[in-house]
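Working notes for the structure below.
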Amino acid sequence: MENSQSYQINLEVFQGPLDLLLFLIKKKEIDIHNIPIASITREYLKYLDHKKNINLERESEFLLMAALLIHIKSRMLLPREISLDEEEDPRQILVDRLLDYKNIKAACKILREKEEKQIKKWKRKELPKSVSFQELDFMEVSLFDVAEVFFNLIKRQEKDQIKVIKGRDFSVKEKKQDIIRYLKEHSFLDFIEYFSHQETLEESLISFFCLLELISERIVIAVQKSLFHRIEVWLRKEVNI
Amino acid sequence: MKKNLKNIIEALIFVSIEPLTSDKIKNILDEFPDKEIENALKELLHHYSGNQRGINIQKVSGGYLFATTKEYDEYVKRFLKDEKKQKLSREALETLSTIAYHQPTTLAEISAIRGVDASHCLKTLLEKKLIKIVGRKKSPGKPLIYRTTKNFLAYFGLNSIEDLPSKEEIEKILEDKYEDS
Amino acid sequence: MKKNLKNIIEALIFVSIEPLTSDKIKNILDEFPDKEIENALKELLHHYSGNQRGINIQKVSGGYLFATTKEYDEYVKRFLKDEKKQKLSREALETLSTIAYHQPTTLAEISAIRGVDASHCLKTLLEKKLIKIVGRKKSPGKPLIYRTTKNFLAYFGLNSIEDLPSKEEIEKILEDKYEDS
């Protein structure tokens, strides 16, 4: 029996929820292609319960994954009345994401070695003064440079008139209406993209929970069509709002 | 004459801050036949590879660049002490390799793949010119599209994007039992 | 050991932008006896002076610095001129950004935003075909009106001027909410 002490790992050591999941899978010697969702969800939540030192923004990322795990678990338990791809395992999106992330992590390890080797070979950032051809202070510019330079110029000018950006308050009701309106206009929303365009963490979180509510109220439905982990949210056709 | 050409190329590589491609060399030295330039370049590289020296010509990012040999890192570091040469943070490196393998890509995609918000890593990577903005995606919200740069290749000592760790290399790492988490 | 020291000094002179004095070298390599350093330095200088090369070590204002060999100046100049054509100075970049975000605009407006006279940058940008004159403003003095060109869009991979990164996007990237360590 493990006591709760063993879960007291600083979540900051993990790069994110996927990193934590990979750690659990390895620790429990689980086959990544056949993840026991119920037990891994339990383990995962234990870690969240015993978390220390984590800022809210990071925490929300771990919570989103918890929600996804629970969602998958429920889909595996309940008979699905709508199945887009007949045989699709609800765990598949998670497995794809984990494998992809695992590859990235392995690649990072190789790249880190290359970086360490390369960083020891010093290059010059400018020419020595002996090569005395004037005006060598030239650079190749990127689009980012163009934009950064301009907004810095403006900032220099606006120094004295700092704008106070006030966070808006969002009610759940308002946000739900927002989502429905968006869905009526765009037919569906891309789950990830939608959240990444929210202004603040608070707004993302509220939107997320609104979406969960809308799903449970059977107003909208979340689906994946392909292996490409895109989660789409659609308005249910039979609902009239 | 040939010896001369070798020296000219050496001088050109020396005054280039970025890796100098052989195409560019041929372009500048357009009075010399390509074949001669190639031979002289080969000779020059041979000259540097042969004897152990304090400086060397590297082949990176499709071109040639002078750099110090890695054995003397300790002393150079001591000399340029105010210059901070930090390695990338773990987050920044993860974001960077996600972009490298999935490019062209957007912030939303990067964040989705990593499972965490990657926006704050972009600054470091853009400032170090390891990635660049190459336009906007034609999809709702028109997000900015990112790609790795030539400097990215040079930073890791890669000659081209095909030199990124291959599937086989990655699998080898994954098989390793001592993989840390 | 001595051979090694020669390489170390070679690497140090290579990364130095200012002429590196032998006192400074002794200072950096304080674990080596002065005499040994002097000998290694002499050997290194001999190595570069002996055979005709594309680069050599020059003694300038009491220190040592790598430089290209005089004989090849013609080619080096050709290269640097070519580089200049493809790159922008900081000033030119500032002017270009201002035009990009404020177009159509005039010299007076650009200079007001930048806080300095921008006239000489306009010439460079016009030559590089990154901006163009599209007419005259119907105001006193009838100043010329500038816009960015199609070439500008192509250079940065943009479809239209609306695709330029917005203030919000840049601010989001630049925000150092979490300093990257």
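Things worth noting here:
- Taking the range C:137-181 as the range and being in a loop (DSSP other than H, G, I, E, B), within 27 Å of B:Ile131 (Cα to Cα), modelled with pLDDT under 85 and of a type outside the set (Gly, Ala, Ser) as the test, the residues that pass are C:Leu158, C:Asn159, C:Glu175, C:Asp176, C:Lys177, C:Tyr178, C:Glu179, C:Asp180.
- Considering A:Lys26, A:Lys73, the condition of being over 30 Å from A:Cys108 (Cα atoms), at pLDDT 80 or above and assigned to a helix (DSSP H, G or I) is satisfied by A:Lys73 alone.
- Filter result for C:Asn7 (more than 9 Å from chain B (Cβ to nearest Cβ) and modelled with pLDDT of 90 or more): no
- Failed item in (1) more than 8 Å from chain A (Cβ to nearest Cβ); (2) under 18 Å from B:Ile161 (Cβ atoms), with B:Lys77 passing the rest: (2)
- Total residues in the range C:65-102 satisfying the condition of being surrounded by fewer than 17 Cβ atoms within 10 Å (Cβ to Cβ) and in contact (Cβ under 8 Å) with a residue 40 or more places away in the chain: the figure is 1.
- Test: residue in the range B:171-178 that is facing chain A (nearest Cβ under 10 Å), buried (at least 23 other Cβ atoms within 10 Å of the Cβ) and either within 24 Å of C:Leu174 (Cα to Cα) or not β-branched (Val, Ile, Thr) (or both): no
- Residue count for the range B:105-162, restricted to those that are crowded, with 19+ Cβ neighbours inside 10 Å, under 30 Å from B:Leu20 (Cβ atoms) and among the hydrophobic types (A, V, I, L, M, F, W, C): 12
- Picking from residues in the range B:19-55 that are more than 8 Å from chain C (Cβ to nearest Cβ), in a loop (DSSP other than H, G, I, E, B) and out of contact with any Leu (no Cβ under 7 Å at 6 or more places or on another chain), the one that is modelled with the lowest pLDDT is B:Asn51.
- Single unsatisfied condition, B:Lys77 versus (1) at pLDDT below 90; (2) in contact with a helix residue (DSSP H, G or I) (Cβ under 9 Å, 6 or more places away or on another chain); (3) part of a helix (DSSP H, G or I): (2)
- Helices (runs of 4 or more DSSP H) fully within the range B:90-136 counting 1 or more residues that are under 15 Å from the mean Cα position of the chain (by Cα): B:90-102, B:119-127
- Every listed requirement among (1) within 14 Å of chain A (Cβ to nearest Cβ); (2) small (Gly, Ala, Ser); (3) on the phi < 0 side of the Ramachandran plot is met by C:Ser139 save one, (1).
- Within the range B:1-53, considering residues that are buried (at least 18 other Cβ atoms within 10 Å of the Cβ) and polar (S, T, N, Q), the one nearest to B:Lys150 (Cα to Cα): B:Ser16
- Within the range C:83-115, the set of residues being out of contact with any Asp or Glu (no Cβ under 7 Å at 6 or more places or on another chain) and of a type in the set (A, V, I, L, M) comprises C:Leu88, C:Ala92, C:Leu96, C:Ile99, C:Ala100, C:Leu107, C:Ala108, C:Ile110, C:Ala112, C:Ile113.
- Qualifying position, being buried (at least 19 other Cβ atoms within 10 Å of the Cβ) and either at pLDDT 85 or above or touching a Leu at 6+ places or on another chain (Cβ under 6 Å) (or both), among A:Ile35, A:Ile54: A:Ile35
The values are calculated or read from the model by the stated rules, or taken from the named source; none is laboratory data. Since we're looking at a predicted model, the values are computed, not measured. All Cβ positions, even for glycine, are placed from backbone atoms using ideal geometry, and neighbour counts span all protein chains on display.
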